[in-house]
Amino acid sequence: GQQLNQSPQSMFIQEGEDVSMNCTSSSIFNTWLWYKQEPGEGPVLLIALYKAGELTSNGRLTAQFGITRKDSFLNISASIPSDVGIYFCAGQRNQGGKLIFGQGTELSVKP
Amino acid sequence: GAVVSQHPSWVICKSGTSVKIECRSLDFQATTMFWYRQFPKQSLMLMATSNEGSKATYEQGVEKDKFLINHASLTLSTLTVTSAHPEDSSFYICSAQIREERTGELFFGEGSRLTVL
């Protein structure tokens, strides 16, 4: 099935560093969402974006909905060990439409 | 906050047997639930949309006779993997919408890891 292009695939960083990951698509989405999944668990919603250009924060996390509606990025500032997990972007074309997930970015944080 | 619970969290079965996985919304009613499948180190792939009181809508390539979905009440959807084979081994995750007007915002269950021997 169709997937979003998410990068990087994995990141190994030192505690305290900032992290950035992004998702791109060849087509337009009207909703972008970011989820985090920890091992053996289901994903948890971090941030939802509904307007092109929108910049939304959730604690140390900041996400933006690209102006073209074809991309989104997620930043994590001052990373901590509990940020470890797989981060997925997801796009939705219209309300009621199915979510399309990116391939995920696996984040490892070294104390 | 709203919670979606799955059971069992893991199951091991012999090839040829059927396995039922339950997905419950614990403190809200979910008219629509979604079933995903996830292989190790891969993304979530939507299998089907489960609608309360009606037939599930399956994604292309998903065998509806193989993966039976029943959404009998507003708080329970079940996925039955019939005549399971080793290639059905995977992590199965259900989800439900948090708010009717925000259909992309999903609560996910804890997932159920199926291993078919």
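Any read-out appearing in this document is the output of simple, stated calculations on the displayed coordinates, not a laboratory observation. Because the structure is a prediction, the values reported are computed rather than measured. Every residue, glycine among them, receives a Cβ derived from its backbone with ideal geometry; neighbour counts consider all protein chains shown.
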Ranked B:V81, A:V19, criterion: other C-beta atoms within 10 Å, fewest first: A:V19, B:V81
Average beta carbon contacts from partner chains per residue of A:28-38, 10 Å cutoff: 2
Theoretical FRET efficiency, 1/(1+(r/R0)^6), r = Cβ-Cβ of A:N75 and A:Q95, R0 45 Å, to 0.05: 0.95
Within 10 Å of each Cβ in B:101-113, the average number of Cβ atoms from other chains: 6
Measure of compaction for region A:4-111 (Cα Rg per 2.2 N^0.38 Å): 1.01
Sorted by Cβ density within 10 Å, fewest first, the residues B:S73, B:S25: B:S73, B:S25
Distance (nanometres) between label positions extended 7 Å along Cα→Cβ at B:L117 and A:S26: 4.5 nm
Space enclosed by the convex hull of the alpha-carbon atoms of chain B, per residue, Å³: 99 Å³
Sorted by Cβ density within 10 Å, fewest first, the residues B:C13, A:C23: B:C13, A:C23
Rough spin-label spacing in nm, given labels placed 7 Å along Cα→Cβ, for B:K41 and B:K55: 3.9 nm
Overall form of region B:33-91 per C-alpha gyration tensor (a/c, 1.5; a/b vs b/c): prolate
Sorted largest first, extent of the protein assembly as shown alpha carbons per principal axis (Å): 48, 37, 34
Set of lysines near B:K20 by C-alpha distance (under 30 Å), chain-local residues within fewer than 8 positions excluded: A:K36, A:K98, B:K41, B:K55, B:K64, B:K66
Averaged over A:95-101, number of beta-carbon atoms from partner chains that fall within 10 Å: 6
